[in-house]
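Values quoted throughout were computed directly from the atomic coordinates according to the rules given, and no laboratory measurement underlies them. Given the structure is predicted, the values throughout are model-derived calculations rather than measurements. Because the Cβ atoms are built from the backbone with ideal geometry, glycine has one as well, and the counts that use them run over all protein chains shown.
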Amino acid sequence: MSKISDILQDDESLEKENPLLHSISKENPFSVPVNYFDSLPSEIIEKCREKVEPKTWGNGILTNILGYKWRLLTTMGCLAVICYLSIQLNNRPVSYEAIAKNIPDSLIVEHFDKNITDINVSTLEDFQEPESISSPVKSSSDSTNNTDQAIIAYLINHNISVSDIENEP
Amino acid sequence: MGDEISDSDLLEQFRIESTRNHAFHILVNKYQKRIYWQVRRIIVDHDDANDVVQNVFIKVWRNLGNFKEASSLYTWLYRIATNESLTFLKQKKANMFVPFDSVSRSISRKLEDDAYFSGDAIQKKLQKAILTLPDKQRIVFNMKYFDNIKYEQMSEMLDTSVGALKASYHHAVKKIEVFLKNN
């Protein structure tokens, strides 16, 4: 710890007590580019004028838009919008039909086989298409009979024999 | 010659609209070297010192009209130059996201290849030693050792008591001597 008397000693004796420092030249070791001090005043005055000149409307807006703060704010705003949209898309409710589309039929059947044992068949009728309830599909044998009868009636009405049909090319 | 005009005449001319630019031109010519070397010793790098000096004079241009002459013009300019230099170093520290001693080390490394350092090896070592000092000690050491400014004047410039300045200089000299011995 330095004593107060040491601190208050005169600088010359202080420097002499420190011979390494005392041996170093006090000449300025730095230099400047050629003609630096000749051009510095005009550079400074030019800058002072630039600072004083009022900004034009367009120039001011452009400077603000291109300014660091604005660029940062714009970037952050874009990121916020992207985050918001991605969260919204992920949280959107998905319909049961869309989910069921991705599940194979075999898995659904297997699930019903394992888990549903007491289905009341009458309740399933509620799920039938309204059209199918009002106009039930006719059986294939009925439709065949109806068609045959119509053909026979047509042949009789037009006096066409079966052999005529067979001889047609 | 511009240097012959007194500070009070210069200030008077600056306050008149028609002679303001001329007066400021004279002021810059008169003080540019002293301000530059004060800044350069703190900042070390020429390009950075050039930026700081320009900022100092822009501040002077803006505020000279309000200068109350409570101190001499040179003391006022010196104070602005010191504050601007310290602000520059703080900004550099903030931009580097590293402690201040790393900024000092970075300046010290720059010194190795500095095209505008014309001193010898021992002078370079002294500059590196000065860079290890805390801000205030560094400024006090430079002012006393190189510019031989009186403590009373330094006290006015740095707004610090003469005793505190003497203590700073004493500690700075001791630290530099240790650095020179060990390196």
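Structure above, values below:
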item	result
Measure of compaction for chain B (Cα Rg per 2.2 N^0.38 Å)	1.11
Reachable lysines from A:Lys26, criterion Cα separation under 16 angstrom, eight or more residues apart if same chain	A:Lys16, B:Lys124, B:Lys125, B:Lys128, B:Lys144
Proximal charge balance of B:Ser85 [Cβ under 15 Å; K/R count +1, D/E count -1]	+3
Label-point separation, A:Lys26 to A:Ala80 (7 Å along Cα→Cβ), nm	6.0 nm
Relative contact order (%) - criterion: Cα under 8 Å, at least six apart; region: chain B	18 percent
